[in-house]
1. Sequence-distant or interchain residues sharing an amide H contact under 5 Å with residue 136, placed H: which?
2. Could you work out the equivalent-ellipsoid semi-axes for the stretch 132-269, taking the square root of 5 times each eigenvalue of the Cα gyration tensor, largest first, in whole Å?
3. Say each of residue 167 and residue 180 gets a label point 7 Å from the Cα, pointing the same way as Cα to Cβ; how far apart are those two points in nm?
4. Contour minus end-to-end for residue 148 and residue 271, with contour as 0.36 nm per residue of separation and end-to-end as the Cα-Cα distance?
5. Name all residues of the stretch 137-158 having a backbone nitrogen under 11 Å from the label point set 7 Å from the Cα of residue 121 along its Cα→Cβ direction, giving them as ranges.
6. If you average 1/r over every pair of different alpha-carbon atoms in the stretch 227-271 and take one over that average, what Kirkwood value in Å do you get?
Amino acid sequence: AVNEVHCFAIAAAPAPRPLLLASGQWAPRLVEPDTWSDTWSLRDVGILDGSVLAVAMSGLFVPSSRSGSGGGGGSSGSSGGDSSGSSTRDPNELPSILEARESRSGGPPQMAAPAEALPDIVVPAISDTDDERLWVPQTDCLSFRPLCLCVSQGYYVNLLRFVGGGTLGCHRHSSPVHAHTIRGTWGYKEHAWEAQAGTYVFEPPGETHTLVVGEEEMITLFHVTGALLYCDPDDPATVLGFDDVFTKLEKARAHYEHVGLGADYVDQFIR
């Protein structure tokens, strides 16, 4: 069943525009609470899911369960006697889409995912360095910790960690890179800026550079799409090697097997 809605005007909204209802009638896009017809439904105004607050064109449409209208079928957690409060909401007050909701049974809403949907990845304390086994060595001073290895879309998200300073040789990105610095400082020989804790960096496709890190420990989250191509610094067109989601996966699997976590430890990060 499709719930009724109350519709509140947004301050300084544009002039109402006509809307063809399912009944064949024309109605204004912007509907004031006192002109809302009891025969109209969410489907009439083009909103098919009454459980979600939706902003549609010039009006803000709010399900009646949130506006305090007294209709039946209320939450089992309320006695139904008190309908004050939200029913007198200021029309210019925007309800928060982030407010906690309860289902009709009184419990948390059941957000069913498609059967084919992949599970979430939740990794706590990602910058924790107490367990060195989690960090996959790449050079003497460089290691990485995988967070998401998306083989289906060709990207990986990992933490890059330098201890004691060092460099990551001249390399070129075939696709975008996003970086967020968690600890320490770093930069590129080819650029004047320096990333510090809290710095976000976007690296466009085609960027060729050499990563440089000082003596202080550095940890940065990198989201890398496509291949990272290691180049000859004197001739960047000459590719000497590469890393991508598959080489990262191979290195992580071998490392976790070696340190006793098991080769399948990395499987939790694969999507």
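Just so it is clear, none of the values below were taken in a lab; they were calculated from the coordinates. Note that the coordinates shown come from a computational prediction; the quantities given were computed from them, not determined experimentally. Note that each Cβ is placed from the backbone with ideal geometry, even for glycine, and that neighbours are counted across all protein chains shown.
1. 144, 145
2. Rounded to whole Å, the semi-axes are 23, 18, 14.
3. A separation of 3.0 nm, rounded to one decimal place.
4. Difference between extended and current length: 43.6 nm.
5. Under cut-off, by backbone N: 145-158.
6. One decimal place: 12.0 Å for the Kirkwood radius.
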